[in-house]
Amino acid sequence: MKVPGSPRFARWVRSLAILALLQTFFACHRDARATLRTTDSLLHESLPTGRDFAFASGSQEFLDPAKVAETAGHHLMMNIFEGLYVYNRGDGPPVPAMATSHTVSADGRTYTFKLRTGVTWSNGRPITADDFVWSWRRVLDPKTASRSAQLLWFLRGAKAFSEGVDTDPGKIGVQAVDAATLRVELVNPTPFFTHLLCEMPFVVTPREVVEQWGDQWTRPEHIVSNGPYVLAEFHPRKWAVLKKNPRYFDAANVYLETIRVYDTESEQTAFDWYEVGKTQWHGDVALPMEQLPLLRESGRVDFRTDPKLCSYYFSIRVDRPPFDDPRVRRAISLAIDRERLALHVLRGGQIVASGAVPDLFGVTHGYHVLASETFNPEKARALLAEAGYPRGVGLPPVEFFFNTGEGHRVIAEYVQRNLQENLGIRVGLANMEWGTLLKTLLAGRFSIGRSSWCADYPDPLTFLEVFESDSKSNYSGYKSAEYDEVIAAIRKEPDLHRRNTDLRRAEEILDRDLPFLPMYHYTWSYLIRPFVLGYENHMQDQHPLKYVRYATPQEWERIKGGETVHLAPLPGAPTATEG
Amino acid sequence: MAAVVLRRLLQGLITLWIVMTLSFALMRVAPGGPFDRDKPLPPAVMANLGRTFGLAADVPSPVSGTLLRFAAKVRAKVREGQVLALLRAPNGHELEVRAERDLVLVQTIGDPGRVVRAGQPLCVRETSVLEQYVASLKSYAHFDLGVTYASEGATSVMRNLMQSFPISLELGLCALILALVLGVGAGLLAGLKRNTWIDYVSMTTALGAVSLSSIVLGPLLVLIFGVWLRWLPWGGWEPFSFRWEHLQVKVLPVVTLALVYAAWFARLARAGVLEVINQDFIRTARAKGLSEFAVVLRHALRGALLPVVSFLGPALAGIVTGSVVVERIFSVPGVGEYFVTAAVNRDYPMVMGTVVLYSSLLIVANIAVDIAYAALDPRVRVEAA
């Protein structure tokens, strides 16, 4: 046994110290090089000669538009399959795809779609209204066990079929009137229904192929599809290749011939691939955390940020003293400087939230969210004193619950410091694994707990429903008959204008009662070569690659000159209201 | 000898069973289920998924009637004998349906007013851990490892392992061979040329490699050879072949994985050589007039190899598990990735699959090492017999 202080031990310590130094040196060096590319080097690249495009994607384990739930495989499927309508190029109304137009009944509950004439599957078989009926029934079938089945629950009878209450698929509100006409009946007037139609569970799937091959039907050797691309190669967790579908109805306007999708879960690898030019879009893997601020500050021409329909907030248990007093809730909310959090701590371009709904529905709904005060420490102190806790005296200990995750601790600690500095409240932090936190939230055994909500469908209602009295995700235990009434009214309202008034009313009630601490709305940052056009900002972060093309030499010169070239949104689907 | 091997295999089988049972229990104790997400799924979807994967089962209604209300809540524990639901029988009587066992509800089917026939599902419950355990053991006995949750049941665990294991094996074996060649070579030289610059250089390098670990070494090599020098591509994997365009992407991960173990081997080999080099039988060999080369090859090398061989078992374990890190860094589609993601996502069948694979591998490797050891060291042979 060697005693510390012996010459051998000293040698060890010395070599370890040198190693530590070396490691720090390399670590710093890696940080310093940060990015390979600069705006200058990106603009000096020559235009691609071919029409090949590549991006990285995380863990594509399987492909089935009926079952897709998370991002994995999503970018493959959305370019292989299409439904009645598809996402626009950038923010805009849905664009006709398998259908060309529709009529809506006066009560807003019945939609009749006219299918495009001559659309076929990649094997040449014509696509009929029956294909849609079968495909949508398949998504709802309990045996399919689709995680996104609830997106179709807007259809009459769909929920009961999914739940196993009713086993007759004929009662679901989707019928083929004839081969080219599809009638859809909805539970409620759903003004965002055409947006919903762009989601993956609403695409059409080839019955004969699914029935013949079962779970294996999306293998490249079996698959039959109807989108702008067909699946040429698919190696789960390795790579996939998409080729242009010559039978696609709009093939003449599809520019990219081949799309290569490289699979990686590693953020660094996806980033490096982009930097060395293996991919033109870095992909659907997040950018490395430590690179984000650097990229943002570098002002690189290829760095872009899209808003997302996702919200980060803390649920406040409203039945637990002292938070049963709305003044205490508001005091805490007003004591948090969210602007600084987004700008200097998170530095990901996050959008400060004053309420539950992200302000992204201006174009589609003509709706602008309620903007209320987010930071006012004087008012916060006054409110707290008014509630009987001047300078936080007498306030029982408060604990913030959050789950393990890189950003969550940073945010919780930031809020902790804010409350200490602005209100003199001492806050404890309780960190746990997501599963445990979810259990705690569901059981209501907390005062303040981290939560988040991502839109189920592109409408403000999805964010407001969370706080309904019997909502499963209403962890706050917030119960307001007034609020429930307004939400119910929104569901039944066919008139967009009146509906917007109701939405605003719901937001006002929520802002008054504040059963949560709104923090920020998510954003999504990505890198894309500056010569790639048609990949426009979209509120749901959806970018069909059929819209993407490379710049012409003239456009490329303009881009090099500092111009930004955007391709405008396409005209939406024609719609008419029936008598 | 055969009897010894057979006994070891039987012991291995029992070890495997214990490992499986423990992992099974640990997975279920860990909070959160495979379908828990930031946003909880609706009960009906949970029930449909659960039924598909044997995690949920229907609770049939014992009687016919009209549903008045459910007395138990989704996700809540219900004790045996507790009331589940109230029905109105066709004759107008109110009936209480009680739980026949302790259970946790996944879904209550339908709203009040629903007409239920006897035998039709009334609600859906979670299957108990014991039920799941028995079902898994049954399918394992038929060499069926089940389907993965991540693929929504489209891919079997076996298929995933069959596709990914050869890749991990290729990576691991290449790294092991490289580590042995580099490590034993350097250790032998260092031991024979003790206290010369050769000794110092190789041992310092070894110390460096051991301390750096693949987490640091991997990105460092990528930075130098991939990003700065642009000599080698990285990320992904190519099919097995000896063509350079297929080999080049494998160089960095193999070297990363190998270097750390080469360092261990070097230190062990050096110690082994030092132990035998001054012993009598070496002196005797030299006295017999054997050439220095023959002495090294026949006697010193054997001495150097003994500690190396006994370390092979743990090394193999290390290389297999260590490859989890390397596979992650280089996006190698091997088993390692499954080992991590499946556990995080609570993909029970996939976790079990990797556990079974790794444990079997280690058990077999240890048996192989024992046999090799017996072949190399006469003393062990005597004891075993």
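The values are calculated or read from the model by the stated rules, or taken from the named source; none is laboratory data. These figures come from a predicted structure and were not determined experimentally. All Cβ positions, even for glycine, are placed from backbone atoms using ideal geometry, and neighbour counts span all protein chains on display. What goes into the accessible areas is simple: the full protein's heavy atoms, side chains included, and nothing from ligands, DNA or RNA. Shrake-Rupley method; radii C 1.70, N 1.55, O 1.52, S 1.80 Å.
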Tell me yes or no: at least one residue of region A:378-392 is closer than 18 Å to A:Tyr313 by Cα, without any contact (Cβ under 8 Å) to a residue 12 or more places away in the chain and surrounded by fewer than 21 Cβ atoms within 10 Å (Cβ to Cβ).
no
Go through (1) β-branched (Val, Ile, Thr); (2) part of a loop (DSSP other than H, G, I, E, B); (3) open to solvent by 30 Å² or more (accessible area, probe 1.4 Å); (4) under 26 Å from A:Arg417 (Cα atoms) one by one and return the number of the condition A:Val301 breaks.
(4)
Anything in region A:264-279 that is open to solvent by 30 Å² or more (accessible area, probe 1.4 Å), under 22 Å from the mean Cα position of the chain (by Cα) and farther than 18 Å from A:Gly73 by Cα? List them, or say none.
A:Gln268
Suppose the filter is in contact with a Phe, Trp or Tyr (Cβ under 9 Å, 6 or more places away or on another chain), within 16 Å of A:Arg37 (Cβ to Cβ) and of a type in the set (A, V, I, L, M, F, W, C); does A:Leu295 pass it?
yes
Within 14 Å of chain A (Cβ to nearest Cβ) and in a helix (DSSP H, G or I): is that true of B:Thr284 in this structure?
no
Verdict on A:Gly83 being farther than 26 Å from A:Arg529 by Cα, more than 10 Å from chain B (Cβ to nearest Cβ) and either part of a strand (DSSP E or B) or modelled with pLDDT of 90 or more (or both):
yes
Per-region count, region B:55-73, residues open to solvent by less than 50 Å² (accessible area, probe 1.4 Å), in contact with a helix residue (DSSP H, G or I) (Cβ under 8 Å, 6 or more places away or on another chain) and within 12 Å of chain A (Cβ to nearest Cβ):
2
Restricting region B:223-260 to residues that are over 26 Å from the mean Cα position of the chain (by Cα) and facing chain A (nearest Cβ under 9 Å), the one surrounded by the fewest Cβ atoms within 10 Å (Cβ to Cβ) turns out to be B:Arg230
Checked region A:123-172 for anything aliphatic (A, V, I, L, M), more than 13 Å from chain B (Cβ to nearest Cβ) and out of contact with any Gly (no Cβ under 9 Å at 6 or more places or on another chain); matches are A:Ile127, A:Ala129, A:Val133
From the option list A:Gln212, A:Gln216, A:Gln268, single residue qualifying as without any contact (Cβ under 8 Å) to a residue 24 or more places away in the chain and within 29 Å of A:Lys308 (Cα to Cα) is A:Gln268
With respect to A:Arg347, is the statement that it is touching a strand residue (DSSP E or B) at 6+ places or on another chain (Cβ under 9 Å), of a type outside the set (S, T, N, Q) and touching a residue at least 12 places away in the same chain (Cβ under 8 Å) true?
no
Since A:Trp217 meets every condition but one in (1) open to solvent by less than 10 Å² (accessible area, probe 1.4 Å); (2) away from chain B (no Cβ under 14 Å); (3) more than 30 Å from B:Val326 (Cβ to Cβ), which condition does it not meet?
(2)
Which condition number in (1) touching a residue at least 40 places away in the same chain (Cβ under 8 Å); (2) open to solvent by 60 Å² or more (accessible area, probe 1.4 Å); (3) within 13 Å of chain A (Cβ to nearest Cβ); (4) over 30 Å from the mean Cα position of the chain (by Cα) is the one that B:Arg194 fails?
(3)
Any residue in region A:557-566 that is open to solvent by 40 Å² or more (accessible area, probe 1.4 Å) and either under 30 Å from A:Asp325 (Cα atoms) or in contact with an Asp or Glu (Cβ under 8 Å, 6 or more places away or on another chain) (or both)?
yes
Please find, among B:Thr66, B:Thr15, the residue that is hydroxyl-bearing (Ser, Thr, Tyr) and assigned to a strand (DSSP E or B).
B:Thr66
Subset of region A:420-442 (residues that are surrounded by 14 or more Cβ atoms within 10 Å (Cβ to Cβ), more than 12 Å from chain B (Cβ to nearest Cβ) and not in a strand (DSSP E or B)):
A:Gln420, A:Asn422, A:Leu423, A:Gly424, A:Ile425
Looking at this structure, is B:Ser136 among the polar types (S, T, N, Q), in contact (Cβ under 8 Å) with a residue 40 or more places away in the chain and over 30 Å from B:Ser61 (Cα atoms)?
no
Of B:Ala150, B:Ala135, B:Ala141, the only residue that is at the interface with chain A (Cβ under 10 Å from one of its Cβ atoms) and at negative phi is B:Ala150
Being closer than 29 Å to A:Glu508 by Cα, open to solvent by less than 50 Å² (accessible area, probe 1.4 Å) and within 13 Å of chain B (Cβ to nearest Cβ) narrows A:Asp456, A:Asp470, A:Asp484 down to just A:Asp456
